Amino acid sequence: MSEKANKTKKYDTVGYYPGCALEGSGNGYDVSTRAVAKELGLRLKDVQNWNCCGAMEVKNVDPKLQTYLSARVLSNAVHLDRMNVVMAPCNGCYHNLKKAEYDLKHDAQSREVVGELSRKAGHKAYEAGQAETIHALDWIKEAIGEEGLRERTKGKLAGLKVANYYGCMYVRPRHIFPEKDQGPGSESTSKPHFMDDLLAAAGAENVEFPLKTACCGGAHTLSDSDTSTRLVLNILQAAEAAGADVIATECPTCHTGLEMHQVRAEKRFGKKTSVKIMYFTQLLGLALGIGPRRLGIHTNISESMDLVIDKCLT
Amino acid sequence: MPIHEKSLIRPENLRTHEKLTIDGVDVSGHWSTFIESRVITDYNEALEAEIAALPGGENIHRCWQCGSCTNSCTVNAIEPRFNPRYWIYLIRMGLESELLRDKDIIWQCVSCHKCTYACPRDVVPEGVMKATAHWLEMKGHTATSPSMHFDREFTEQVVARGRIEDVEVLRGFFKRTRQPLMQDWLVEIAWRIAKRLPVKWGLKSAFSLLRKPRTRGWAKARRAIEDYIHAQEEEHEKALHIGKPQSRPRAANENAPVSRPSAAE
Ligand code: SF4
Ligand code: SF4
């Protein structure tokens, strides 16, 4: 009990690492995350002068360079902001910070490269164990919890059918997420459920969706568009077949990929789907009574504003 | 077909005869298809070591050919020729010419990590795919793949400024691969966005042309990273016995030669 209380307290104020996507195409995720934090009385302290974590691209040029980039973000959080928890809503950022943590703990060569680059760049090297990286799902789940959400939302999302889509980077590969698959209460890498839990607490009906952790082809969204379109179309069609009104996302790359290739599937393959795509923070925000524009819902390409009006979620 | 036979039985090695009698036995037609015997002599004994010398390929020697990677693979499900287990087998056997048959699709790995999740031997097949794609490019067997163009464009912008801006990466990528920006589906997306927030979007894109997002005090990190990348490249070229550099990812040109300390920052 006391451990739980401590943890909740620890997540009341967290270091916030939005990353490049949330400042650009994933802006709706950023504004909705901030709006939800404000509404719930949680404090987000932006990591000072952050840099790109390396996303899905830098590792293909050099994996250890990616480790350095992610380690610099953690170093800033620890040494400039004095934070020991860093919350990253983007799956890519979250994954990379976790991977850096893992590599710095287990691989001497990674420590060497990060140490050397940090020294030359003129900042303290991040060392494994100095900070804990969490996802936006962990943050709300721990800081507010389902009980807390139930009280605050009063089942506002009742009647909304949701397919929860987690994608790849939140769960794979398993070894960089040592806290997952630890039995009851912990997140599962094969059948993740934190987003399901939070949205159910807000009254939504989660449909049986088999492609929760399927790949949307985000890494090649522009460089191998046909593959991405086919992968996305699978996800969209499976969600529709499951009866979902909306796919809830927790990653800007997945979200944008689903939206873009929904359009592309129609234009290029003549395959139309009409399921909407919204960030889980946008859905939680609506459940908390925040206006849709303040949650950036009008900026979603999948015209999800129509659904908000249809379902009287304002 | 067992995986080790895949490279032995090729359509061009199969022989059927409309009418043929051997020692009085009629062997005409499909029932008597022959496999022309083939002896492999063009092994590249260095192949496994070369892949292992590139980032991601380090654990290739651990593979015990269980097939879990291919079984779980996202791309394999839509393109059966995409077969990580088979390529790992070919590389370990030194069957370079067989590997080269599939050279144009190896870069298509989407890094979903399903293989790494499934692999019981910690081979990290996803890394092996990337190492193999690099190897193919460095050896001149393939041109730079679209995804490598994208990765370099992205990395160069990160190295130059510490941060990226999506519209900028998109523009750079389309320029590099000589594709038109005005593609029907991108136009549709831009239109949908513009329809609802003409003012904000217009301002934002105009703004991004003037001032790109950047990390403050990045110049020192940038130089350190450039030195590091160049050192790594030299090491990889040496491991692959390549004389002259084939590829040099550099930081995006910000009006100043990149490898020189820039006074602008
Ligand atoms: S899953 Fe691992 S051990 Fe099995 S074939 Fe693939 S790489 Fe080899
Ligand atoms: S990471 Fe690449 S090779 Fe591995 S399962 Fe995914 S697409 Fe296939």
Q: Could you tally the net charge around A:M83, taking each other residue with its Cβ under 13 Å from the Cβ of A:M83, Lys/Arg +1 and Asp/Glu -1?
A: 0
Q. Can you tell me the accessible area per residue over the stretch B:14-149, all protein chains present, probe 1.4 angstrom, in square angstrom?
A. 49 Å²
Q.
Summing both sides, how much accessible area is buried between A and B? Use a 1.4 Å probe and give Å² to the nearest 100.
A. 5400 Å²
Q: For every other residue with a beta carbon closer than 14 angstrom to the beta carbon of A:L233, add +1 if it is Lys or Arg and -1 if Asp or Glu, then tell me the sum.
A: +2
Q) Counting only protein chains, not ligands or nucleic acids, how are A:S110, A:S188 ordered by accessible area (probe 1.4 Å), most first? A) A:S188, A:S110
Q) Using a ≥ b ≥ c from the Cα gyration tensor of the protein assembly as shown (square roots of the eigenvalues), is it rounded, prolate or oblate, where a/c under 1.5 gives rounded and otherwise the larger of a/b and b/c decides, a/b for prolate? A) prolate
Q.
If each residue of separation counts as 0.36 nm, what is the full-extension length gain between A:K45 and A:K9 once their alpha-carbon separation is subtracted?
A. 11.5 nm
Q. DSSP loop GluC sites (Glu not before Pro) in the stretch B:12-52 with at most 15 other Cβ atoms within 10 Å of their Cβ, which ones?
A. B:E18, B:E36, B:E45
**Q.** the stretch B:24-41 - phi-based ³J(HN,Hα) in whole Hz, Karplus 6.51/-1.76/1.60, Gly and Pro as x
**A.** x, 9, 7, 10, 6, x, 4, 4, 10, 6, 9, 9, 5, 5, 9, 10, 8, 10
Q | Set of the stretch A:213-247 residues, backbone N closer than 12 Å to the point 7 Å along the Cα-Cβ line of A:K311 | A | A:244-247
**Q.** Neighbouring partner chain Cβ atoms per residue of B:146-156, average, 10 Å criterion
**A.** 6
Q: Determine the order of B:L20, A:L69 by accessible area, beginning with the largest, at a probe radius of 1.4 Å.
A: B:L20, A:L69
Q) To the nearest 0.05, what FRET efficiency results for B:A190 and A:S274 with a Förster distance of 22 Å applied to their C-beta separation? A) 0.60
(Q) Please list, in order along the stretch A:284-290, the HN-Hα scalar couplings obtained from phi with the Karplus expression 6.51 cos²θ - 1.76 cosθ + 1.60 (θ = phi - 60°), rounded to whole Hz, x for Gly and Pro. (A) 5, x, 4, 5, 8, x, 7
Q: Taking the Cβ of A:E127 as the centre, find all other residues whose Cβ is under 11 Å away and add up their charges (Lys, Arg: +1; Asp, Glu: -1).
A: +2
Q) In nanometres, what is the gap between the two model label sites at B:N71 and B:I40, each 7 Å from Cα along Cα-to-Cβ? A) 2.4 nm
Q | Above-threshold pairs, the threshold being 20 Å between Cα atoms, out of A:K141/B:K114; A:K161/A:K212; A:K59/B:K130; A:K99/B:K114; A:K64/B:K130; A:K64/A:K124 | A | A:K141/B:K114
Q.
Under the rule a/c < 1.5 gives rounded, and otherwise a/b versus b/c splits prolate from oblate, where does chain A land using the Cα gyration tensor?
A. oblate
Q. Tell me, how many Å apart are the Cα centres for the stretch B:82-136 and for the stretch A:92-124?
A. 26 Å
Q) Round to a whole number: what % of the accessible area of the protein assembly as shown belongs to carbon and sulfur, probe 1.4 Å? A) 52 percent
(Q) If amide hydrogens are placed 1.01 Å from N in the peptide plane, which non-local residues have theirs closer than 5 Å to the one on A:T133? (A) A:V86
(Q) Angle check, please: helix A:91-106 long axis (alpha carbons) against the longest principal axis of chain A (alpha carbons), in degrees 0 to 90, nearest 10. (A) 30 degrees
Q.
From the alpha carbon gyration tensor of the stretch A:203-314, can you work out the equivalent ellipsoid semi-axes (sqrt of 5 times each eigenvalue) and give them in Å, largest to smallest?
A. 24, 14, 13
Q: Please give the average number of partner chain Cβ atoms lying within 10 Å of the Cβ of each residue in B:51-58, rounded to a whole number.
A: 1
Q. Quick one: which of B:225-238, A:300-313 comes out on top by average Cβ neighbours within 10 Å, and what's the full order, highest first?
A. A:300-313, B:225-238
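The values are calculated or read from the model by the stated rules, or taken from the named source; none is laboratory data. Treat the numbers as computed from the prediction; the structure is a model and nothing was measured. Reconstructed Cβ throughout: ideal geometry from the backbone, glycine too, with neighbour counts over all protein chains shown. Side chains are part of the model used for accessible areas, which takes the heavy atoms of the whole protein and leaves out ligands, DNA and RNA. Shrake-Rupley method; radii C 1.70, N 1.55, O 1.52, S 1.80 Å.
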